[in-house]
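The values are calculated or read from the model by the stated rules, or taken from the named source; none is laboratory data. Owing to the predicted nature of the structure, the values given are computational and were not obtained by experimental measurement. FYI the Cβ positions are ideal-geometry reconstructions off the backbone, even for glycines, and counts take in every protein chain you see.
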DNA sequence: TCGGTGGTTTACGCAGTGTCAAGTCATCAT
DNA sequence: ATGATGACTTGACACTGCGTAAACCACCGA
């Protein structure tokens, strides 16, 4: 494919388009057009169609690109390498707070487009479904460790954690209401802790403190 | 083109446009164009510009129109006429669950448009700010009645209630994840109750249900 | 030398918003 | 009756942005 010395770009054109699209999305207040992206990437508008089919295709590809370039794999192993389910949950919130902030602009575009764009909706949904499945694993683990309040099934708990830590609420609380990221982490954690977790039992079968 | 008595519409044209826009929004899966709305209202496209200035103007007006026609005043007095702050909160969740469902389609359009439409964003934000202020009153009342867990300030609690009962989470939980409206009401209530409320103390003046 | 790969340019079609100018037609005051 | 006004219409046009098509070009490997 690309490697080093093709006549034009030194790096892969596809990558460059993605990188510039991402850049533009972060910098601009509004949704960039294909023409803008093309120009910034030093490429014709048609080249984008060549690589991604259409507008949705570009943005769907962008999601994966960004995940990779932000090192989501590493984050993932940090979160799921936690010693306990409860700690996993805490790290989840901590990590999501940071990550959601990083990709918030892009998220907004993706969310906005879903309404009339089938392909975009499918791509986004797919991503969110994986996230949900991951969380179910976490709450099941918490339940297995006897730390899930018996007001909740693991599935219910996972759904709520998932929903509360979604981009929408994050954006509202930090961007609009003005919470700092630290406050967000702390308070969301508190919300979930107070409502879903039991106090850890010290010895064997001690009563509630 | 239309009826009989007055030269053109029998009911106020502006109202008719709003009514049909609302109808179309509910029926259609995607965002209706001005041409569609105009046609359905039996009016030329230009008339819309005459009444609302532009597209955003129409949708901003639509929000108020819908509030009125769904009787939001009555709902409001039901919610805020509750005997206690805690009961107010319960009714808030109950009512929002119903109301959010009614206007969900419209909400989606409004939310999607915010990204690149200043006027639309301002209109929506204004609405949500009022809601937030209302909720602060509720949590302050709850605090005044000694029922707010001392993990939270009234402001923090209000922010969280507001965020959790927003259209986004509602849509995700009911439309995507598949909770029924009853489950939504019940579980969101439980989430907030467990994390924010203290058990009522019998000793003092008991004003419980 | 040839063909494929990965781009390029130029051009067009289409939908939808927003604007403008001119025209129709009831109603109301004079 | 006249003429002004307000509400709405028709028709045309500019502009943006997406998507498609066709022809061309430089480089590389066989």
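On the stretch given as the stretch A:135-160, residues that are under 22 Å from residue B:175 (Cβ atoms), more than 9 Å from chain B (Cβ to nearest Cβ) and in contact (Cβ under 8 Å) with a residue 24 or more places away in the chain total 4.
What residue, of A:131, A:125, is within 11 Å of another protein chain (Cβ to nearest Cβ) and surrounded by fewer than 18 Cβ atoms within 10 Å (Cβ to Cβ)? Walk me through it before giving the result.
On the way: A:131 fails: within 11 Å of another protein chain (Cβ to nearest Cβ).
Just one listed residue meets the conditions, A:125.
Would you point out the residue of the stretch B:104-122, among those that are more than 16 Å from DNA strand C (Cβ to nearest atom) and within 11 Å of the chain's Cα centre (by Cα), that is surrounded by the fewest Cβ atoms within 10 Å (Cβ to Cβ)? Checking each candidate, the answer is B:104.
Would you point out which residue out of B:21, B:38 is more than 10 Å from DNA strand C (Cβ to nearest atom), modelled with pLDDT of 95 or more and away from chain A (no Cβ under 14 Å)? First the steps, then the outcome.
On the way: B:38 fails: more than 10 Å from DNA strand C (Cβ to nearest atom).
One residue alone meets the criteria, B:21.
Across the stretch B:191-199, not a single residue is classified as under 15 Å from residue B:91 (Cα atoms) and more than 11 Å from chain A (Cβ to nearest Cβ).
Is it fair to say residue B:114 is without any contact (Cβ under 8 Å) to a residue 24 or more places away in the chain, more than 16 Å from DNA strand D (Cβ to nearest atom) and closer than 30 Å to residue B:33 by Cβ? Yes; evaluated as a whole, the condition is true for this residue.
You will find that of A:94, A:87, A:140, the residue that is under 22 Å from residue A:75 (Cα atoms) and either out of contact with any helix residue (DSSP H, G or I) (no Cβ under 9 Å at 6 or more places or on another chain) or in a loop (DSSP other than H, G, I, E, B) (or both) is A:87 and no other.
Residue-wise test of (1) modelled with pLDDT of 95 or more; (2) within 23 Å of residue B:106 (Cα to Cα); (3) touching a strand residue (DSSP E or B) at 6+ places or on another chain (Cβ under 7 Å).
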residue: B:140; (1), (2), (3): yes, no, no
residue: B:145; (1), (2), (3): yes, no, no
residue: B:149; (1), (2), (3): yes, no, yes
residue: B:162; (1), (2), (3): yes, yes, no
residue: B:173; (1), (2), (3): yes, yes, no
residue: B:179; (1), (2), (3): yes, yes, no
residue: B:182; (1), (2), (3): yes, yes, no
residue: B:194; (1), (2), (3): yes, no, no
residue: B:200; (1), (2), (3): no, no, no
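Taking the options A:57, A:101, name whichever one is within 16 Å of DNA strand D (Cβ to nearest atom), surrounded by fewer than 19 Cβ atoms within 10 Å (Cβ to Cβ), more than 14 Å from every other protein chain (Cβ to nearest Cβ) and touching a residue at least 12 places away in the same chain (Cβ under 8 Å).
A:57
Could you please find all residues in the stretch A:108-122 being over 17 Å from residue B:173 (Cβ atoms) and within 11 Å of chain B (Cβ to nearest Cβ)? Listed by number, the residues that qualify are A:108, A:109, A:110, A:112, A:113, A:115, A:116, A:117, A:118, A:121. Number of residues in the stretch B:172-190 that are closer than 18 Å to residue A:166 by Cα, facing another protein chain (nearest Cβ under 9 Å) and part of a helix (DSSP H, G or I) equals 6.
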